[in-house]
Amino acid sequence: MSIAPLTLQANYWESFELQDEDLEYLYNHLLEIETPLTSRELAEVLVKERIRFETEEIKKQIGNGATYFPKDHYKVGDKIRFPALKWEAGKIAGIRPGTNPEYSPFEVIEVEFNTFGKRAFASGVENHPLNAPIGLSTDDPALNLQTVISQHTKSIQAKLAEKFNAVPDLVQIAGAWFPRSLLVDVNIGHLNLAEAVLEMADGGPLPTRPILEQIELPTDVNLKLTEFSMNLALQEDERFDEVGPSGETLWFLQRLEPEGVRTIPFHLRYQTPSNLAALENTDLAADLNSMVFDELETEDDQPSRGNHITVSLIYPHWRSGTIPLSKSIARLLPTAYEAPRVNFTFVDEDTHKEFPGWVVRPHRYVFGLKEWYEEKSLIPGSLFVIKQGKIPGQVLIQALKKRPTKDWIRTVLVGTDGGVVFTMLKQQISNDLDDRMAIMVPDPEAIDKLWEQTGKARGTLEVSIINTMRELIKLSPQGHVHAQELYAGVNILRRCPPGIILQVLANQPQVSHLGDLYFKLDETASEE
């Protein structure tokens, strides 16, 4: 029978919950070091302390005299634990003399267990292998700092942040925490000077330290604490916007941010229709979402792998100079702990030209591509590539250029009466296109006037979808339309996610589903 060294419970860290004493320990740790720490850093501090504490408890457990050794003597009623039985505890129910000619006189103790029932063990035997000292497990992964940090830090961070958020005196900025009562005083005069510094830098972005250097805030006490205090004061003043990606704090004057960053661009605004029946065939929605990128589809768009992705435009994003922040695209772009807007740099992979980009996280779009679209002669349906940059804070972008040619392409025209017509015309094309998404828009201003209509002149979403379907079917020799084509066409006239289009189609009696994502319009069917 071998003795198992003492270890923590197998699920110790999986079931770990922060206690009040853990919170107190971390709070005191922050007071002691006088330096703000991130949730990850605090999690590591806590794990290290917990391992130290549990190790000491195990050592006490080994030496507290309640462990069974064959050499010891016991009495009825004693409670002892048995290392060879995975430290199961039992109560001595009886003692009798033992008989074995190979040993000196000894006793047999009868022990009752909850798990094993009644079992007998030798007592008072000096020479026995189980008398060897019991040590602490040296290979227990639950007591290995690096193993615990690599496997459990994220879950501990989340629990820690939840607890810290409930403590009024603890404040967070850029992922770091510190007690508010110990912050350096930053007054309105310092903030006014910070505004002037940022204004001289065209609004930003600027890191905190260059701002501090120009506003005469004392930094001789603790530079990290001074930076943290300044960051918090800026965050709590609505004039300033923290726009840095995760791990970097950058400041921008909110009033000097681009209009399309401060407010949702007109063509991206969308209101979900009410009383629309749910789509029964969810596979259709999944199939269509796999072909497009739409920030309004938050559930079905699954991130793809790799360090780049090829994107096709719809009219609202083309007109706004934006791209959707779908899950597939978002993983390639900078994000932040808390900041709703993240400033970064686009780099044209062909020309190496750099220009600013903005991730607008609350509304799930990326702003800053209007001039680039025009420079590259992109149209709705054009393809381009987004890649992760080699430098943090940079995103590579590349238009899929080709030799200019005249090709037949769907073209949208607006008549003098305001009517919309889709037709096939030869157009100059100098980029690769998604054939189902490509639509030439010769007169965007005329289209925009349709977007500005309201009420009856605007018409309902259902009418827009059916009218667009009718126009696109005219261009098909087979007399049907693919849902991806319809999605691109409807979004010429109004913002609408793909799933809503499928829901509308499923509830129109004159629309027939032909299989896959193809639909047909039966003009003779009742439209009631």
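Observations on the model:
Quick grid of which residues meet (1) at pLDDT 90 or above; (2) touching a Gly at 6+ places or on another chain (Cβ under 7 Å); (3) not in a helix (DSSP H, G or I):
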{"site": "230", "(1), (2), (3)": "yes, no, no"}
{"site": "234", "(1), (2), (3)": "yes, no, no"}
{"site": "238", "(1), (2), (3)": "yes, no, yes"}
{"site": "245", "(1), (2), (3)": "no, yes, yes"}
{"site": "255", "(1), (2), (3)": "yes, no, no"}
{"site": "261", "(1), (2), (3)": "yes, no, no"}
{"site": "264", "(1), (2), (3)": "yes, no, yes"}
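- The test for being under 32 Å from the mean Cα position of the chain (by Cα) and either at positive phi or of a type outside the set (S, T, N, Q) (or both) holds for residue 230.
- Which listed residue is under 28 Å from residue 398 (Cβ atoms), among the hydroxyl-bearing types (Ser, Thr, Tyr), part of a loop (DSSP other than H, G, I, E, B) and touching a residue at least 60 places away in the same chain (Cβ under 8 Å), from 272, 310, 298: 298
- Of the residues making up the range 250-284, just one is surrounded by 12 or more Cβ atoms within 10 Å (Cβ to Cβ) and among the acidic types (Asp, Glu), namely 257.
- Residue 115 in contact (Cβ under 8 Å) with a residue 12 or more places away in the chain, closer than 30 Å to residue 165 by Cα, surrounded by fewer than 16 Cβ atoms within 10 Å (Cβ to Cβ) and within 53 Å of the chain's Cα centre (by Cα): no
The rows are residues; the columns are (1) touching a Gly at 6+ places or on another chain (Cβ under 6 Å); (2) among the aliphatic types (A, V, I, L, M); (3) at pLDDT 90 or above.
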{"site": "405", "(1), (2), (3)": "no, no, yes"}
{"site": "412", "(1), (2), (3)": "no, yes, yes"}
{"site": "427", "(1), (2), (3)": "no, no, yes"}
{"site": "430", "(1), (2), (3)": "no, no, yes"}
{"site": "442", "(1), (2), (3)": "no, no, yes"}
{"site": "458", "(1), (2), (3)": "no, no, no"}
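- For the range 186-233, the set of residues classified as among the small types (Gly, Ala, Ser) and touching a residue at least 24 places away in the same chain (Cβ under 8 Å) consists of 194, 203, 204, 229, 233, listed by residue number.
- So residue 499, is it free of Cβ contacts under 8 Å to residues at least 60 places away in the same chain, assigned by TED's automatic domain parsing to the domain that holds residue 425 and either under 21 Å from residue 409 (Cβ atoms) or assigned to a helix (DSSP H, G or I) (or both): no
- Helices (runs of 4 or more DSSP H) lying entirely in the range 368-484 (those with 3 or more residues that are hydrophobic (A, V, I, L, M, F, W, C) and in contact with a helix residue (DSSP H, G or I) (Cβ under 9 Å, 6 or more places away or on another chain)): 444-451, 461-474
- Hits in the range 211-229 (condition: buried (at least 19 other Cβ atoms within 10 Å of the Cβ) and out of contact with any Lys or Arg (no Cβ under 9 Å at 6 or more places or on another chain)): 211, 212, 217, 226, 228, 229
The values are calculated or read from the model by the stated rules, or taken from the named source; none is laboratory data. These numbers were taken from a predicted model, which means no experiment stands behind them. Positions of Cβ are backbone-derived with ideal geometry, glycine not excepted, and every protein chain shown enters the neighbour counts.
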